[in-house]
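Here the structure is laid out as structure tokens; the discussion comes afterwards.
The values are calculated or read from the model by the stated rules, or taken from the named source; none is laboratory data. What you see is a predicted model; the values in this text were computed from it and never measured. Here the Cβ positions follow ideal geometry from the backbone for every residue, glycine too, while neighbour counts run over all protein chains shown. Only protein heavy atoms, including side chains, enter the accessible area calculation; ligands, DNA and RNA are left aside. Shrake-Rupley method; radii C 1.70, N 1.55, O 1.52, S 1.80 Å.
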Amino acid sequence: MAGQEPLGLRREAIGLREVLFQSITAMAPAAAVAASIPSGAAFAGGSLPLAVLVALVACLFTASCVAELARRLPSAGSVATYAAQGLHPAVGFLVGWGYVFVEALVPPLLLLQLGFTTAGTLHQEWPSYPEDLWWPWAVAGAVVIAAAGYFGVRASARFGTILGAFEILVLLVFAVWLIVRAGGDNTLSVFGTSHTAKGYEGISGVFAGSVYTVLAFAGFEAAAPLAEETKDPRRTMHRAVLGAALAIGLFYVVTTYAMTVYFGPDRFAGFGASGAASWEGVARASFGLFWVLVFLTVVNSTVANANACANVSTRTAFAFARIKVFPAVFARLHPRHLSPVAGVLVQGVVAVAVMLGLGLYYDPVTAFLLLATVIVTVVIGVYIVVNAACTGYFLRRGRESFSPVKHLLFPLLGIAAFVPALLTAAGLPVFDFVTTLSAPVSYAGPIVGVWMAAGVVVLLVLLRRRPGRIAETARVHLDESSAPDPRPNGAVQQ
């Protein structure tokens, strides 16, 4: 076998800890706590902890579906394979087409946030530093992420584990500090409906806040594309996906509760992502230099999230290239590290090009909002399809294990939870709390539409000329090559 190019990813390279943090860092917990979840305060007010709890329960339905499919179908194709097996290979292709697109856009999204967060903070501390000099920090982040991806899944996953542990530890310590400082103001009333924002009284405010909070859970499925590189993937993937969603959901509940009772439930409708009424603002005003750690956790979270999603996009592209749906170059692996080196290179180039192109043409914050809208719209659509695929798979192929609760009720509840979030992300004013998007953020819909239309064209061409390649989206390669490889580098011939 010497001299042959390895065609398989490195088997059993990582374990539960690494894949658990792959999902955790893809959820960007620190950035979500500081920037995403507070957007729900405008509706839920001081009842935001209840809204987060509702969102957690809702997301666990979909996480359960993903975990069930990941246990049965361990594949680098992840959600594309699930949809192909549970619904139809053509649906699987379109899911993968959309998923690899948006996951490739997550690194430039986070690099933009890294850039404007760092530049803005430096300008605030030292006014001589130009606030618009954000791009060197973003480019530096891109280099770090590309290097981690180049050295393989062990290096990348362990890097993500360190970053993820840091941000969670810092915010948990801060949360405990807030709870202690709140003293007698600690109250379980924030888990009721008495503190919702004006105009959104009662359960309607909690529901509106939970819809915005649901978006903070996106990424819990990010462990799944690493299945072929994981020890005991069927068991490990199931535990990682569910464990990440549950653990980070509880982390969101604790941190949101802490800030709500410290800041004041009846004032919390004015809490946001920046200024005095924000996590960094409270840290600056009341906890001295602790704000530096809060700032570093957000920066850390952007790098960790970008790293995790780069892993997702390169593995999904690898899976599609392996079956000759994507160009073969994406299936090329590094001879030593067994990383999808061509995909890592393309991902890095795309990240820098999109980040600089949009960030300099508009401004980094506007570019961030545009990319975020594109990403969230597609990802939530993928979650809805995967819920349906869970039911389809266990009715068609796994009848012996079919459970009416796990494989029918949970998928239906998962779909019901994510439809309002999809409408909110797309800016479709079906509910009175949905804000209509303005240009250029409103371009997100047409961008998604054009990309998916291109996917339909490619699908039709392949169905006509190479129908077998579309059928291959349902293939689980790990089942075909479970024997250990005698070569030292662990490559597997397929």
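Could you list the trypsin sites (Lys or Arg not before Pro) in the range 388-481 that lie in coil according to DSSP, counting only those with at most 12 other Cβ atoms within 10 Å of their Cβ?
none
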| Share of the chain's accessible area from carbon and sulfur, percent, 1.4 Å? | 68
| message | Return the unpartnered cysteines for the chain, using a Cβ-Cβ cut-off of under 4.7 Å. | response | Cys59, Cys309
| field | Degrees between helix 153-182 axis and first principal axis of the chain (Cα, 0 to 90, nearest 10) | value | 20
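Can you give me the accessible area per residue for the range 368-452, using a 1.4 Å probe, in Å²?
44
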| request: Any aspartates and glutamates with Cα under 17 Å of the Lys198 Cα? List them, leaving off those in the same chain fewer than 8 positions away. | output: Asp266, Asp432
| said: From the mean inverse distance of alpha carbon pairs (Kirkwood) and the Cα radius of gyration, derive Rg over Rh for the range 169-297. | reply: 1.04
| said: So, R0 is 22 Å and r is the distance between the beta-carbons of Leu296 and Arg17; what FRET efficiency does that work out to, to 0.05? | reply: 0.45
| request: Assign one of three labels to the range 418-465, namely rounded, prolate or oblate, based on the Cα gyration tensor with a ≥ b ≥ c the square roots of its eigenvalues; rounded applies when a/c is under 1.5, prolate when it is not and a/b is larger than b/c, and oblate otherwise. | output: oblate
| remark: Here the averaged projected area of the chain, based on the convex hull of its alpha-carbon atoms and given in nm², is 22.6
| task | Mind pulling the angle between the C-alpha long axis of helix 233-263 and the longest principal axis of the chain? Nearest 10 degrees, somewhere in 0 to 90. | result | 10
| query | From the square roots a ≥ b ≥ c of the eigenvalues of the alpha-carbon gyration tensor of the range 319-402, which class results: rounded (a/c under 1.5), prolate (a/b over b/c), or oblate? | reply | oblate
| field | Residues whose placed amide H lies under 5 Å from that of Phe151, excluding near-sequence neighbours | value | none
| query | What area, in nm² and to one decimal, does the C-alpha convex hull of the range 1-131 cast on average over all directions? | reply | 13.9
| field | Part-to-part distance (alpha-carbon centres) for the range 138-209 and the range 1-79, which is given in Å | value | 14
| field | Gain upon complete extension [Leu188, Ile203; 0.36 nm per residue less C-alpha separation] | value | 3.8 nm
| said: Checking the a/c ratio against 1.5 first, then a/b against b/c, what shape does the Cα gyration tensor give for the range 382-479? | reply: oblate
| remark: Rounded to the nearest 10 degrees, the helix 135-150 long axis (Cα) sits at an angle to the longest Cα principal axis of the chain of 40
| Considering only protein heavy atoms, what is the solvent-accessible area of Ser442 at a probe of 1.4 Å, reported in Å² to the nearest 10? | 40
| message | Accessible area per residue for the range 68-144 in Å², computed with a 1.4 Å probe and the full protein assembly in place, what is it? | response | 32
| Label-point separation (nm) for Ser401 and Val180, each offset 7 Å from Cα along Cα-to-Cβ? | 4.6
| field | Average Cα contact separation per residue, the chain, under 8 Å, 6 or more apart, as relative contact order % | value | 33
